[in-house]
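**Student:** This is the structure, below, for whatever I ask next.
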Amino acid sequence: MRILILGAGKMGSFFTDLLSFEHEVAVYDQEPQRMRFTYNCARFSSLEEVKQFEPQLLINAVTMKYTIEAFRAVMPFLPQQCIVSDIASVKTGLREFYEGCNHPFVSSHPMFGPTFANLNQLSNENAIIIAEGDYMGRIFFRDLYNKLGLNIHEYTFEEHDRTVAYSLSIPFVSTFVFAAVMKPQDAPGTTFKRHLNIARGVLGEDDFLLREILFNPYTAEQVGHIRDELNALLDIINDKDSEAMKQYLTKIRTNIHGQKTS
């Protein structure tokens with residue numbers, strides 16, 4: 001299969017390495033120097049080269065801020081039957097784009113990234129494939145993610161956005177609150193240092209990505225749950241209510257115990 005990958009960042013390079021020994025892969029990036037470490041693939045610095053390559057599948061791996069812009073730039077150079085795809089963690093605007101693009105499409109979300117995941121060991125990680133996509137495109141990504149050992153879930157665009165609002169906005173907002181109230185520590189404890197490392201990783205993400213996750217229409221409800229729990233916990237602390245604290249700890253330990261790790 002001839003596969004074109006847009007973007008030679010961390011995820012674009014990951015997919016290039018993953019696919020280039022079983023498929024004919026080409027990479028295009030507006031900044032050619034970013035492709036200098038790509039291997040076993042064609043490297044394009046011009047969209048005219050894309051037209052000559054005639055890809056059968058396009059994987060858009062540019063940063064989320066420019067996903068749709070990159071799609072629009074490359075569309076005139078693609079064969080009509082080329083399947084177009086994205087791996088964006090936020091799908092804002094993509095369903096509407098795909099409805100008007102006149103190409104078969106597939107959308108997926110590998111729910112891991114280079115910040116925290118071990119890309120050589122992904123068996124505890126998850127991936128979402130959007131159910132509305134092209135059948136053959138969905139089969140391609142299901143086979144690919146199966147080979148990586150990922151746990152695969154198939155959701156609609158709306159179900160995906162609800163899941164992201166829960167699984168990303170809650171830890172992100174919790175991290176923001178931690179970072180907002182923290183002060184430099186001369187002798188930080190182990191738990192503090194672990195939270196600090198997480199905060200550095202999250203805040204190292206692209207501002208546009210963080211904004212779009214928080215502006216997800218389903219995020220406000222999740223942040224409201226955090227506010228309610230903080231208020232309940234503050235009441236327990238102010239009242240020094242030992243029995244209420246015991247019940248609260250039992251509740252949250254039950255929540256943690258029931259949470260899948262894979």
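The values are calculated or read from the model by the stated rules, or taken from the named source; none is laboratory data. Bear in mind the structure is a predicted one, so any value in this text is a computation, not a measurement. Neighbour counts are summed over all protein chains in view; Cβ atoms, including those assigned to glycine, are modelled from backbone coordinates with ideal geometry. Side chains are part of the model used for accessible areas, which takes the heavy atoms of the whole protein and leaves out ligands, DNA and RNA. Shrake-Rupley method; radii C 1.70, N 1.55, O 1.52, S 1.80 Å.
**Student:** Using the crude model of +1 on Lys and Arg Cβ and -1 on Asp and Glu Cβ, and no other charge, please compute the dipole size for the chain relative to its Cα centre, in debye to 20.
**Tutor:** Numbers: 25 positive and 32 negative charges, 149 e Å.
Taking the Cα centre of the chain as origin, the dipole is about 720 debye.
**Student:** Could you order 163, 16, 63 so the one with the most accessible surface comes first? Probe is 1.4 Å.
**Tutor:** Values: 163 40, 16 0, 63 65 Å².
Reading off the accessible areas and sorting them downward yields 63, 163, 16.
**Student:** In terms of Cα to Cα distance under 20 Å, which aspartates and glutamates are near enough to residue 193, apart from those fewer than 8 places away along the same chain?
**Tutor:** Candidates past the 8-residue exclusion: 205.
**Student:** For residue 111, what accessible area in Å² do you get when you roll a 1.4 Å probe over the heavy atoms of the protein chains, rounding to the nearest 10?
**Tutor:** Here the accessible area works out near 50 Å².
**Student:** OK, next. Can you give the FRET efficiency for residue 63 and residue 24, using 1/(1 + (r/R0)^6), R0 = 22 Å, r = Cβ-Cβ distance, to the nearest 0.05?
**Tutor:** Details: r = 25 Å, r/R0 = 1.15.
It comes to 0.30.
**Student:** When ligands, DNA and RNA are left out and all protein chains stay put, how many square angstrom of accessible area per residue does the chain have with a 1.4 Å probe?
**Tutor:** Numbers: 15280 Å² over 262 residues.
Accessible surface, normalised per residue, equals 58 Å².
**Student:** Quick check on the chain: helices-only [θ] at 222 nm, where DSSP H runs of length 4 and up contribute -39,500 (n - 2.57) each and the sum goes over total residues. Nearest 500, please. Show your work: numbers first, answer last.
**Tutor:** Numbers: 11 runs with 127 residues, N = 262.
Counting only the DSSP helices, I get -15000 deg cm²/dmol.
**Student:** From largest accessible area down, sort 160, 257, 225; use a 1.4 Å probe on the protein chains.
**Tutor:** On the way: 160 0, 257 165, 225 90 Å².
So the residues, ranked largest to smallest area, are 257, 225, 160.
**Student:** Same structure, new question: Summarise the long-distance tail of P(r) for the stretch 182-262 by giving the % of C-alpha pairs beyond 20 Å. Provide the component values of the computation, followed by the final result.
**Tutor:** Numbers: 2010 of 3240 pairs.
When every Cα pair of the stretch 182-262 is considered, 62 percent fall beyond 20 Å.
**Student:** Where both partners of a DSSP beta bridge lie in the chain, what percent of those bridges are antiparallel, to the nearest 5?
**Tutor:** Working: 3 of 27 bridges.
Close to 10 percent.
**Student:** While we're here: Kindly state, as a whole number, the per residue volume in cubic angstrom of the convex hull around the alpha carbon atoms of the chain. Let's see the in-between values first.
**Tutor:** Values: hull volume 38.9 nm³, N = 262.
Once divided by residue count, the hull of the chain is 148 Å³.
**Student:** Give the peptides 23-31, 99-107 in descending order of average Cβ contacts within 10 Å, highest first. Before the final figure, lay out each step's value.
**Tutor:** Numbers: 23-31: 19.4, 99-107: 17.0.
Averaged packing, sorted descending, gives the order 23-31, 99-107.
**Student:** A further question follows. Where the only charges are on Cβ atoms (+1 Lys, Arg; -1 Asp, Glu), what is the dipole of the stretch 159-262 about its Cα centre, to the nearest 20 debye? Kindly include the intermediate steps, with their values, before the conclusion.
**Tutor:** Numbers: 12 positive and 14 negative charges, 93 e Å.
The calculation lands at about 440 debye.
**Student:** Further, regarding this structure: By accessible area of protein heavy atoms, probe 1.4 Å, what ranking do 39, 166 get, highest first? Spell out each step's value before the answer.
**Tutor:** Numbers: 39 145, 166 120 Å².
So the residues, ranked largest to smallest area, are 39, 166.
**Student:** Moving on. Below 8 Å between Cα atoms, with a sequence gap of 6+, how large is the relative contact order for the chain in percent? Kindly include the intermediate steps, with their values, before the conclusion.
**Tutor:** On the way: 347 pairs, mean separation 33.7, N = 262.
Reported relative contact order: 13 percent.
**Student:** Given the stretch 88-209 reduced to its alpha-carbon atoms as identical point scatterers, what log10 I(q)/I(0) does the Debye formula return at q = 0.09, 0.10, 0.13, 0.19 Å⁻¹?
**Tutor:** -0.34, -0.41, -0.64, -1.10
**Student:** If you don't mind, another one. Using only alpha carbon pairs under 8 Å that are at least six residues apart, calculate the relative contact order of the stretch 3-71 and give it in whole percent.
**Tutor:** Details: 108 pairs, mean separation 27.9, N = 69.
Relative CO of the stretch 3-71 lands at 40 percent.
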